[in-house]
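S.K.: Quick one: structure below, then a few questions.
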Amino acid sequence: MPALLIDQFLCQQSEKMKKIIAIIVTLFISAYTAGAQTATSAAASQQVNMSLTDAIAITFVNNGTATGNAVTMSFKTVRNYSSGISSATQQFKVQSNKNFIISVNTNAANFSYTGTEIPAPVMPVNTLTMKVTANATGGSIASPFNNFGSMSSSSQDVINNGSYGGNQTFSVKYKATPGFSYPAGTYTTTVVFTATQP
């Protein structure tokens, strides 16, 4: 009889333990479910477009603008007239989102003259020559500007197939050799560099 009581007692305890474990598991699941419910979310989305256009600029490095400082070559000796005078280096920066071409021309076929001679002497712009002295554009120097090539009022390519980028640079020097055919005075022309995306 005592053995039967012990078995009943153990059975009752086992049932209580099962109930306690069931309550703990239920509480754990309830807590987990409650935590999961706090992670409720919602989302919104939109498309973003960038509308790019072709962009290109050419500027002088020394002042960051499209208008360079005046270049003056002063002829004071016989040797200056016979051998010519070279200018200081003029450096340019091109910014372009496509490959590009640099071309050059003067604004007129002849220099304008300021002085005392009447009638005004006529000096053609081919008295002025130009050479590319440095090229970091990724493109190739066009002939005749790999040496001192004559200027013209007609557009001439200077650099072909320059590579796109934000800091593509090149430099030029001018050289003038007027000889002895022109009287004293100031002879002026405007040199125009054009950067073009083909």
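S.K.: Quick check on the stretch 186-198: of everything there that is surrounded by fewer than 16 Cβ atoms within 10 Å (Cβ to Cβ) and at pLDDT 95 or above, which residue is farthest from THR89 (Cα to Cα)? I'd like the intermediate steps shown before the answer.
M.R.: Let us first name the residues in the stretch 186-198 that are surrounded by fewer than 16 Cβ atoms within 10 Å (Cβ to Cβ), namely 186, 188, 190, 192, 194, 196-198.
Now restrict to residues that are at pLDDT 95 or above: 186, 188, 190, 192, 194, 196-197.
Numbers: THR186: 21, THR188: 19, THR190: 17, VAL192: 16, THR194: 18, THR196: 23, GLN197: 25 Å.
Among those that are surrounded by fewer than 16 Cβ atoms within 10 Å (Cβ to Cβ) and at pLDDT 95 or above, it is GLN197.
S.K.: Report every pair of residues separated by at least 6 positions or lying on different chains whose Cβ atoms are under 7 Å apart, first residue within the stretch 63-88 and closer than 14 Å to TYR174 by Cα, second part of a loop (DSSP other than H, G, I, E, B) and among the small types (Gly, Ala, Ser).
M.R.: The qualifying pairs are VAL71/SER87; MET73/SER87.
S.K.: If I ask for residues that are within 16 Å of TYR174 (Cβ to Cβ) and surrounded by 15 or more Cβ atoms within 10 Å (Cβ to Cβ), which ones from the stretch 104-124 would you list?
M.R.: Within the stretch 104-124, VAL104, ASN105, THR106, PHE111, MET123, PRO124 qualify.
S.K.: Can you tell me which of (1) over 18 Å from THR188 (Cα atoms); (2) part of a loop (DSSP other than H, G, I, E, B) is the one VAL71 doesn't meet?
M.R.: (1)
S.K.: Let me ask you something else. Kindly evaluate ILE102 against the criterion of being closer than 16 Å to TYR182 by Cβ and not small (Gly, Ala, Ser).
M.R.: Values: closer than 16 Å to TYR182 by Cβ: no; not small (Gly, Ala, Ser): yes.
So ILE102 fails the test.
The values are calculated or read from the model by the stated rules, or taken from the named source; none is laboratory data. A quick note: this is a predicted structure, and the numbers were derived from the prediction, not measured. Don't worry about glycine lacking a Cβ; one is built from the backbone with ideal geometry, like all the others, and counts go over all protein chains shown.
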